[in-house]
1. Compare the Cα positions of Ala41, Ala57, Leu203 along the charge dipole of the chain (+1 at Cβ of Lys, Arg; -1 at Cβ of Asp, Glu; about the Cα centre) and return the one farthest towards the positive end.
2. Scan around Ala14 for amide H atoms under 5 Å from its own, H built in the peptide plane at 1.01 Å from N, and keep only partners 5 or more places away or cross-chain.
3. I'd like to check one number: the per residue accessible area of the range 217-294, probe 1.4 Å, reported in Å² as a whole number.
4. Longest segment of the chain with no trypsin sites (Lys or Arg not before Pro) in a DSSP loop having at most 10 other Cβ atoms within 10 Å?
5. Given Pro193, Phe132, Leu168, which one lies farthest toward the positive end of the charge dipole of the chain, if we put +1 on the Cβ of every Lys and Arg and -1 on the Cβ of every Asp and Glu?
6. GNM, the chain, Cα, under 10 Å: largest mean-square fluctuation among Leu265, Leu114, Leu292?
7. With a 1.4 Å probe and all protein chains left in place, how much of the accessible area of the range 212-290 comes from carbon and sulfur atoms, in whole percent?
8. Taking springs between alpha-carbon atoms closer than 10 angstrom, which of Pro212, Pro246, Pro268 fluctuates most in the Gaussian network model of the chain?
Amino acid sequence: MTKKHIYIYSPASAIRDKAAFRRGVARLKTLGYEVEIDEAALAAYQRFAGDDATRLAAIGRAAASGADIALIGRGGYGLTRILDAIPYKAVAKAIQRGTEFVGVSDFTALQSALLAKTGAVTWAGPAVGEDFGAEGGADDIMEACFDDLVSGQGEGTGWRMPVRDAGLKVKPVHDATLWGGNLCVLTSLLGTPYFPAVDKGVLFIEDTNEHPYRIERMLEQLRMAGVLARQRAVVFGQFTGMRKVPGYDRGFGFDSVVDRLRAALKVPVLTGLPFGHVQTKVLLPVGAKVELAAEGRDVFMVWGHRHAHGHDHAHDHGHAHAH
């Protein structure tokens, strides 16, 4: 069996933690992948991985690489400012030919724009440095989910919601487009040609270093724009690095944000999805059709075969328990 080919490129922020990047590359090689590193992967200009033209060229090379996976070196701001110039047709054609584009965080900008412009499916998943190069070693569940994607076996995911959501009643959702990603990046695209016009979809969101009131403000913008009411479900991933303001918040926190949103929407709001700026993350097909069901606290999201060479059995790594 030939080794699966991974092309690593940097479309957003500069890679400052070169040690983590090297660890990530080494880990991917240890896992048996053939790794090709883009010529500008470690470029730096201001806060970016090279100037805009350099990063656009890197996206073009990733699309032309013929690799099984095009994987970003890291997230961090950088894609939003080049959305007007990305070669969407070339990327969509590469995806059609079998290259899966994978990334997290700022990558939401490219995923959303690509979905809006072409309908192509990409994957919300790991980055080289933060995930494969994590100091304590890469997460087992993340690696298993990544291997499922590479080998064409991934068919869905399951997780357990927090105890406070045990009584949530969720009607099964069928044939709904999965979309979303980083809440801040996604909200910044509202009103532009790069915001996906998804109706009756499953919207998943995550973020890091955002105070609960800022999370609520972004959600309110999406709600008042009519986006949330048009969905079949809203799914919260992991919101990390939240800091309350002492003396101000007085009990207002993340749970308050979720509760208020539930009160304002008829759409079910689920929590606990193992995805975001966390080590234990599943891979999610942005733009694919999914089925969603919940029994008690257990949630199941299935997308079936994304590849012609998938398997007949459901592939399950058990629940990725996220707190």
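1. Final value for the positive-end residue is Leu203.
2. For Ala14, whose amide H was placed from the backbone, the distant partners under 5 Å are Phe48, Ala49.
3. Accessible area per residue, the range 217-294: 44 Å².
4. Here the longest run is 1-96.
5. Value: Pro193.
6. Checking each option, the largest mean-square fluctuation is seen for Leu265.
7. 51 percent
8. So, out of Pro212, Pro246, Pro268, the one fluctuating most is Pro246.
The values are calculated or read from the model by the stated rules, or taken from the named source; none is laboratory data. On a predicted model such as this, the values are computed, not experimentally measured, just so you know. Glycine gets a Cβ as well: all are built from the backbone with ideal geometry, and neighbour counts include every protein chain shown. Accessible surface is based on the protein model in full, side chains and every heavy atom, while ligands, DNA and RNA are left aside. Shrake-Rupley method; radii C 1.70, N 1.55, O 1.52, S 1.80 Å.
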